[in-house]
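For reference, the structure is listed below as structure tokens.
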């Protein structure tokens, strides 16, 4: 209720011309300030002078312009196998684990490349299992695609070595 009185005071201050306005203030039985433009018993007069200042007009053109939606800069990386790591598996199976940052969002797809050839994807997951990989040196890389299929991030190539034991037959 106290704030209501101040609100009226501000309204009286904002309205009118550059001449002084007469405002009367009293205190009611609940100790609240009461503002009025007419005197009442026990009221004090408060003189308010309007300075004639007005706020400059504001254009709303900025509200009509669409805000550009900047697509976040994604990064994709291969976490496993480690760079220059050796995989020892006689079946030639390798588990590839990738990461996407910022968080993987709906509509994004990941493609896995082995030695420059697409071997998996596009899929909504950055974890892959490859089977029957020949022994020797290989390179893996990931590409992140947006919802329209455009490449938005590529991982650095990860080199790994596949070690498969062989049995040599005697001659």
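A simple spin-label model places the labels of residue 79 and residue 101 1.1 nm from each other, with each point 7 Å out along Cα-to-Cβ. A crude spin-label estimate for the pair residue 137 and residue 161, with each label 7 Å from Cα along the Cβ direction, gives 1.0 nm. Each pair of Cα atoms in the stretch 75-163 enters the Kirkwood radius, and Stokes-Einstein at 10 °C and 1.306 mPa s then converts it into a translational diffusion coefficient of 121 µm²/s. Take every Cα pair under 8 Å whose residues are at least 6 apart in sequence, average their separation, divide by the length of the stretch 75-163, and the relative contact order is 39 percent. You can think of it this way: the chain between residue 38 and residue 119 has 20.4 nm of extra reach, that is 0.36 nm per residue less the Cα-Cα gap.
A crude spin-label estimate for the pair residue 86 and residue 46, with each label 7 Å from Cα along the Cβ direction, gives 8.7 nm.
Sort 111-118, 93-100 by packing, meaning the average of other beta carbons within 10 Å per residue, with the highest value first.
Ranking the peptides 111-118, 93-100 by packing returns 93-100, 111-118.
Read-outs throughout are calculated quantities, based only on the coordinates presented, and are distinct from any laboratory measurement. Because the structure is predicted, anything quoted here is derived from the model rather than measured. No Cβ is skipped: glycine too gets one built from the backbone with ideal geometry, and neighbour counts run over all protein chains shown.
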